[in-house]
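Novice: Okay, here's the structure, questions in a sec.
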Ligand code: DC
């Protein structure tokens, strides 16, 4: 069984996906980390992120291993633990650029299909229910309004960076949404047979309970 959870940044999908995977004893796979790993690798090489050929080669060569952990996943890139580095904003911005490139998507989608082929996974991303596993048993699409998603991000960032600015972060969220929803390949859209969950007014536990109820009913 494959549970696909798609949605924009800050919709609460990774928090919910992690808890659901624990509760069902499934493996949690965060596909955003793969795009981030490619971006990080390119940035470290000082490569031009817009150079399709160079980025394609980096994506093809990079050995990305996702190691399941009690909470979430550890990411190894060519054997190095880059988990913490991937959370960085600069890497996130780079990931949005490389994620729009067909060859990068082809390479990473093949890895994702390989990881999911035995089932028992909760996979989160942007195109899991539409492209990676269009036949997934469950497809959820999580949404929340941009102000609420910005506020969540702000609370997260503020711990590390007291000068974080809420208005700026909301603008960033809107900009990233625009890029993800309007790119030519695998744009962020809900699968036709996806289930929409608006999490604006719910906390992660409430979202998890809603999802588990839907799964159990089936
Ligand atoms: O979820 P995230 O912020 O870690 O994702 C990083 C970037 O990768 C973001 O711009 C969306 C993109 N992405 C994607 O295009 N497809 C996925 N399956 C996962 C992430």
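Novice: Conditions first: (1) surrounded by fewer than 15 Cβ atoms within 10 Å (Cβ to Cβ); (2) touching a helix residue (DSSP H, G or I) at 6+ places or on another chain (Cβ under 7 Å). Residue 70 passes all but one, so which condition is the exception?
Specialist: Looking at each condition in turn, residue 70 falls short on (2).
Novice: Could you tell me which residue of the range 72-89 is modelled with the lowest pLDDT, considering only residues that are part of a loop (DSSP other than H, G, I, E, B) and out of contact with any strand residue (DSSP E or B) (no Cβ under 9 Å at 6 or more places or on another chain)?
Specialist: Our first condition is that a residue be part of a loop (DSSP other than H, G, I, E, B); within the range 72-89, this holds for 72, 78-79, 82-84, 88.
From what is left, the residues that are out of contact with any strand residue (DSSP E or B) (no Cβ under 9 Å at 6 or more places or on another chain) are 84, 88.
Values: 84: 95, 88: 87.
Residue satisfying both the conditions and the ranking: 88.
Novice: Answer yes if at least one residue in the range 42-57 is surrounded by 17 or more Cβ atoms within 10 Å (Cβ to Cβ), away from the ligand (no atom under 15 Å from the Cβ) and in a helix (DSSP H, G or I), and no otherwise.
Specialist: Scanning the range 42-57, I find at least one residue that is surrounded by 17 or more Cβ atoms within 10 Å (Cβ to Cβ), away from the ligand (no atom under 15 Å from the Cβ) and in a helix (DSSP H, G or I), so the answer is yes.
Novice: Follow-up question, since we're still on this one. Of all residues in the range 1-14, which are near the ligand (Cβ under 10 Å from one of its atoms) and either assigned to a loop (DSSP other than H, G, I, E, B) or under 19 Å from residue 74 (Cα atoms) (or both)?
Specialist: 7, 8, 9, 10, 11, 13, 14
Novice: Pairs please, first residue from the range 80-94 and over 14 Å from residue 69 (Cβ atoms), second anywhere and in a loop (DSSP other than H, G, I, E, B), Cβ atoms under 6 Å, 6+ apart in sequence or on different chains.
Specialist: 94/49
Novice: Separate question: Within the range 95-103, is there a residue that is crowded, with 17+ Cβ neighbours inside 10 Å, assigned to a helix (DSSP H, G or I) and either in contact with a strand residue (DSSP E or B) (Cβ under 8 Å, 6 or more places away or on another chain) or without any contact (Cβ under 8 Å) to a residue 12 or more places away in the chain (or both)?
Specialist: no
Novice: With the condition kept exactly as written, say whether any residue in the range 15-36 is modelled with pLDDT of 95 or more, buried (at least 19 other Cβ atoms within 10 Å of the Cβ), more than 9 Å from the ligand (Cβ to nearest atom) and within 22 Å of residue 175 (Cβ to Cβ).
Specialist: Scanning the range 15-36 turns up no residue that is modelled with pLDDT of 95 or more, buried (at least 19 other Cβ atoms within 10 Å of the Cβ), more than 9 Å from the ligand (Cβ to nearest atom) and within 22 Å of residue 175 (Cβ to Cβ).
Novice: For the range 179-201, what are the residues that are without any contact (Cβ under 8 Å) to a residue 40 or more places away in the chain and away from the ligand (no atom under 13 Å from the Cβ)?
Specialist: If the condition is that a residue be without any contact (Cβ under 8 Å) to a residue 40 or more places away in the chain and away from the ligand (no atom under 13 Å from the Cβ), then 192, 201 are the ones that fit.
Novice: Can you pull out every residue in the range 141-183 that is assigned to a loop (DSSP other than H, G, I, E, B) and under 25 Å from residue 3 (Cα atoms)? Please lay out each step first, then the result.
Specialist: Residues of the range 141-183 that are assigned to a loop (DSSP other than H, G, I, E, B), as a first pass: 144-145, 161-165, 183.
Scanning the range 141-183 gives 144, 145, 183.
Novice: Can you tell me which of (1) within 16 Å of the ligand (Cβ to nearest atom); (2) farther than 18 Å from residue 16 by Cβ; (3) part of a loop (DSSP other than H, G, I, E, B) is the one residue 131 doesn't meet?
Specialist: Going through the list (1) within 16 Å of the ligand (Cβ to nearest atom); (2) farther than 18 Å from residue 16 by Cβ; (3) part of a loop (DSSP other than H, G, I, E, B), residue 131 breaks only (3).
The values are calculated or read from the model by the stated rules, or taken from the named source; none is laboratory data. Worth saying up front: this structure is predicted, and the values here are computed from it rather than measured. Reconstructed Cβ throughout: ideal geometry from the backbone, glycine too, with neighbour counts over all protein chains shown.
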